[in-house]
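A quick write-up on the structure given underneath.
The values are calculated or read from the model by the stated rules, or taken from the named source; none is laboratory data. From a predicted model like this one, the values you see are computed outputs, not experimental measurements. Every residue, glycine among them, receives a Cβ derived from its backbone with ideal geometry; neighbour counts consider all protein chains shown. Surface accessibility is based on the protein's heavy atoms, side chains included, excluding ligands, DNA and RNA. Shrake-Rupley method; radii C 1.70, N 1.55, O 1.52, S 1.80 Å.
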Amino acid sequence: LSRIFIAVDEDASSRGRLQHAATHDELTGLANRAELERRLSAEVAREDAGEPSPVLLFLDLDGFKIINDTWGHSVGDQLLILVGERLRTITRAGDLIARGGGDEFTIMCQGIPGPDSALTVAGQILACLSEAFDLAIGPIYISASIGVAIADGIHGATTAEELVADADTAMYKAKSAGRNRVALFAPELRAQVTERHQLGAALRSACDSNELVLYYQPVVDLASGTLVGFEALLRWL
């Protein structure tokens, strides 16, 4: 009988390990994207039922590729692990931290009263990450860009997937504004992203249809009348 019980315990332990592997990032031990979307979907549904709105922070490390390219992926992995550990120290017990892949992290916060408080939390995270990380190569300083999205009906996100996309869009706004910043999602950002995608698609179509024509504009030295160069002008007909 003791052998039977041991076999059952081992089987349960194996299932637990498999379940953990399916819902957590192997490198950092944080939740993975699938687990984030599962938990976030449940919170968005609760918000529809009158519960407090979940807040999502989408965090991307600034210049992480340079670290990988300069010192290798082992150093980059060490940094990602330490970033995950530091995020655990500043977030609350009920918050969910996830790694989406690469140098992207998301934090689902509950019970934050409004946008101002959400921006304050994001600012505290930036300050926490600004302190040196002690790596095998020595201390490294990094910064991050954070996008904030709130599932409150005002911003339009009705699903977990939409909320992640909105926070991601806000993060790119923070990064384009100079990095080491926080940006709050607004509906007009979604329209800007749509316009950029439409413009990109139109440009690709223009290339395929030979709608782009190259002209050369001469550059002349006015004092001598000498031709010194050309400007290339690409016109979209």
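Below, the figures for the structure above:
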{"quantity": "Considering residues of segment 43-66 that are more than 21 Å from the chain's Cα centre (by Cα) and either among the aliphatic types (A, V, I, L, M) or at pLDDT 90 or above (or both) only, the residue surrounded by the fewest Cβ atoms within 10 Å (Cβ to Cβ)", "calculated": "49"}
{"quantity": "Tally, over segment 175-226, of residues that are hydrophobic (A, V, I, L, M, F, W, C), out of contact with any Pro (no Cβ under 8 Å at 6 or more places or on another chain) and within 28 Å of residue 126 (Cα to Cα)", "calculated": "8"}
{"quantity": "Cβ pairs under 9 Å, 6+ apart, first in segment 178-200 and without any contact (Cβ under 8 Å) to a residue 24 or more places away in the chain, second hydroxyl-bearing (Ser, Thr, Tyr) and open to solvent by 50 Å² or more (accessible area, probe 1.4 Å)", "calculated": "189/172"}
{"quantity": "Which numbered condition residue 216 fails, given (1) on the phi > 0 side of the Ramachandran plot; (2) in contact (Cβ under 8 Å) with a residue 12 or more places away in the chain; (3) open to solvent by 100 Å² or more (accessible area, probe 1.4 Å)", "calculated": "(1)"}
{"quantity": "Looking only at segment 73-95, and only at residues there that are part of a loop (DSSP other than H, G, I, E, B) and surrounded by 12 or more Cβ atoms within 10 Å (Cβ to Cβ), the one that is modelled with the highest pLDDT", "calculated": "95"}
{"quantity": "Answer from 182, 193, 148 - the residue that is farther than 26 Å from residue 89 by Cα, β-branched (Val, Ile, Thr) and open to solvent by less than 60 Å² (accessible area, probe 1.4 Å)", "calculated": "193"}
{"quantity": "Those residues of segment 98-128 which are more than 14 Å from the chain's Cα centre (by Cα), at pLDDT 90 or above and outside any helix (DSSP H, G or I), in sequence order", "calculated": "109"}
{"quantity": "Scope segment 125-142; condition at negative phi and either exposed (fewer than 12 other Cβ atoms within 10 Å of the Cβ) or of a type in the set (Asp, Glu) (or both); matching residues", "calculated": "127, 131, 132, 134, 136, 139, 141"}
{"quantity": "Residue match in segment 178-188 (condition: in a helix (DSSP H, G or I) and not aliphatic (A, V, I, L, M))", "calculated": "yes"}
{"quantity": "Residue match in segment 201-212 (condition: within 19 Å of the chain's Cα centre (by Cα) and of a type in the set (A, V, I, L, M))", "calculated": "no"}
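Condition check ((1) at pLDDT below 90; (2) assigned to a loop (DSSP other than H, G, I, E, B); (3) more than 21 Å from the chain's Cα centre (by Cα); (4) of a type outside the set (A, V, I, L, M, F, W, C)) across all residues:
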| residue | (1), (2), (3), (4) |
| --- | --- |
| 134 | no, no, yes, yes |
| 139 | no, no, yes, yes |
| 146 | no, no, no, no |
| 149 | no, no, no, no |
| 169 | no, no, no, yes |
| 175 | no, no, no, yes |
| 193 | yes, no, no, no |
| 198 | yes, no, yes, yes |
